[in-house]
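Heads up: the structure comes next, in structure tokens.
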Amino acid sequence: MKKTVGFLINPIAGMGGAVGLAGTDGQTEEALRRGAVPRARGRAVQALSLLKKDDIAWCTCAAPMGEDALTGAGIDRYTILYRPEGSTSAADTKAACRAFLDAGVDLVVFCGGDGTARDVFDVVGRTVPVLGIPAGVKMYSAVFAVNPAAAADLIRQAGQVACRDSEVMDVDEEAYRSGRLAARLYGYACVPYIPERTQGGKQVFEQQDEERAKDDIAAFMAEVMLPETLYIVGAGSTTARVMERLGLAPTLLGVDAVRNGEVVARDADERTLLALLDRYPQAKIVVSPIGAQGFVLGRGNQQISPGVLRKAGLRNLIVVATPGKLAGTPLLYVDSGDPALDREVGDSLLVVSGYRVAQRKRVLHPE
């Protein structure tokens, strides 16, 4: 039986990531001033292009809220149910979702981040299943596919696979931009579920043993850091401990650059990192996966873009995580925005998990 899918895009989702804004809500003009490039349409096209031969009745919004991505993916049969006026907002997302429900869609698919997920949930609730194509900066909610290819698989099999109650998280972007993670459960959406295709929710590990493990990782990293080498240090409490071990103040939810024991860029954006790599080509990147979700790249650290990764070299990617986090993170994922580069990471990564201790962890590439 043909299914009807309501599809929408938040055109500004994720723009703040590469330019170091840690989110785009209320920051569109600043993101553009810093040179941000819209990424949601490209992410949507990656998913939709895999579905152009599927027998799906598409309902969507005009122009940048959906129509452009469908045509860009080679899908020319769709029904426009909502037309935004001017710049889009949360009100447009909600109005589109009401139009989808009135049309009796079987599934609502959106391309955006946590803010878009909340707006969709406000209207759809648990009336029909929802699914997010990840295009935001953080995406701590569990309503997203792990990458665009996985989203296509989930859309194709929606109605045939079971749904799971998945967390929609309310993340305070103002607090996030100031270096504090303030998140609360917003609700539970019904999401098509396929293991290793649907994203998990973020977990925070704070046990005493975890704090000791962070100290051990920091001591080891401080010991092995090379002179005259640029270290790009990603977000997270484990990487922050490395900075503190060096006597440096970390940007907990941003990306810092360190060389010879000194900070050369704090809360750096993609453009700054690329310029530093031109100046200091000998470089390493230190990142930590998001707890339970397992994302090493592509969630909360879009400043470390495909361009930055290629210039530094994937062989210079260092992953750190405590044993407790790894125990609750069965798989690692990379979702840099460049599927070919993601595959170059390989099927596993060595993760520093203590003082002179490392674990090899499987990396999954859903396609």
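The values are calculated or read from the model by the stated rules, or taken from the named source; none is laboratory data. Worth saying up front: this structure is predicted, and the values here are computed from it rather than measured. Cβ placement follows ideal geometry from the backbone for every residue including glycine, while neighbour counts extend to all protein chains displayed. What goes into the accessible areas is simple: the full protein's heavy atoms, side chains included, and nothing from ligands, DNA or RNA. Shrake-Rupley method; radii C 1.70, N 1.55, O 1.52, S 1.80 Å.
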In the stretch 332-358, the residues that are in contact (Cβ under 8 Å) with a residue 60 or more places away in the chain, open to solvent by 20 Å² or more (accessible area, probe 1.4 Å) and either of a type in the set (Gly, Ala, Ser) or assigned to a loop (DSSP other than H, G, I, E, B) (or both): Gly337, Tyr355, Arg356
Show the residue pairs that are 6+ apart or on different chains and have beta-carbon atoms under 6 Å apart, the first residue being within the stretch 207-228 and touching a residue at least 12 places away in the same chain (Cβ under 8 Å), the second being hydroxyl-bearing (Ser, Thr, Tyr) and open to solvent by 60 Å² or more (accessible area, probe 1.4 Å). Asp216/Tyr355; Ala219/Tyr355; Phe220/Tyr355
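Restricting to the stretch 115-155, and then to whatever is of a type outside the set (A, V, I, L, M) and part of a helix (DSSP H, G or I), can you tell me which residue is most open to solvent (accessible area, probe 1.4 Å)? First the steps, then the outcome.
First, pick out the residues of the stretch 115-155 that are of a type outside the set (A, V, I, L, M): 115-116, 118-119, 121-122, 125-127, 129, 132, 134, 136, 138, 140-141, 144, 147-148, 153.
Now restrict to residues that are part of a helix (DSSP H, G or I): 115-116, 118-119, 121-122, 148, 153.
On the way: Gly115: 16, Thr116: 4, Arg118: 37, Asp119: 30, Phe121: 39, Asp122: 75, Pro148: 3, Asp153: 30 Å².
Top of the filtered list is Asp122.
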Apart from one, (1) modelled with pLDDT of 80 or more; (2) open to solvent by 50 Å² or more (accessible area, probe 1.4 Å); (3) more than 20 Å from Asp335 (Cβ to Cβ) all hold for Lys3; the odd one out is (2)
Inter-residue pairs, beta-carbon under 7 Å, first acidic (Asp, Glu) and in the stretch 162-175, second at pLDDT 85 or above and surrounded by 15 or more Cβ atoms within 10 Å (Cβ to Cβ), 6+ apart: Asp165/Tyr188; Asp165/Cys190; Glu167/Ser141; Glu167/Ala142; Glu167/Tyr188; Asp170/Arg118; Asp170/Tyr186
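Report those strands (runs of 3 or more DSSP E) wholly inside the stretch 227-315 carrying at least 1 residues which are more than 21 Å from the chain's Cα centre (by Cα). Working first, answer last.
Numbers: elements: 230-233, 256-259, 262-265, 283-287, 295-297.
Because the criterion is at least 1 residues that are more than 21 Å from the chain's Cα centre (by Cα), the strands (runs of 3 or more DSSP E) in the stretch 227-315 that meet it are 230-233, 256-259, 262-265, 283-287.
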The one condition in (1) open to solvent by 30 Å² or more (accessible area, probe 1.4 Å); (2) modelled with pLDDT under 95 that Leu50 fails to fulfil: (2)
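Being at pLDDT 95 or above, touching an Asp or Glu at 6+ places or on another chain (Cβ under 8 Å) and crowded, with 18+ Cβ neighbours inside 10 Å is the requirement here; does Val287 meet it? Steps first, answer last, please.
Values: at pLDDT 95 or above: yes; touching an Asp or Glu at 6+ places or on another chain (Cβ under 8 Å): no; crowded, with 18+ Cβ neighbours inside 10 Å: yes.
Answer is no for this residue.
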Looking only at the stretch 225-239, which residues are within 23 Å of Leu297 (Cα to Cα) and either in contact with a Gly (Cβ under 8 Å, 6 or more places away or on another chain) or not polar (S, T, N, Q) (or both)? Met225, Leu230, Tyr231, Ile232, Val233, Gly234, Ala235, Gly236
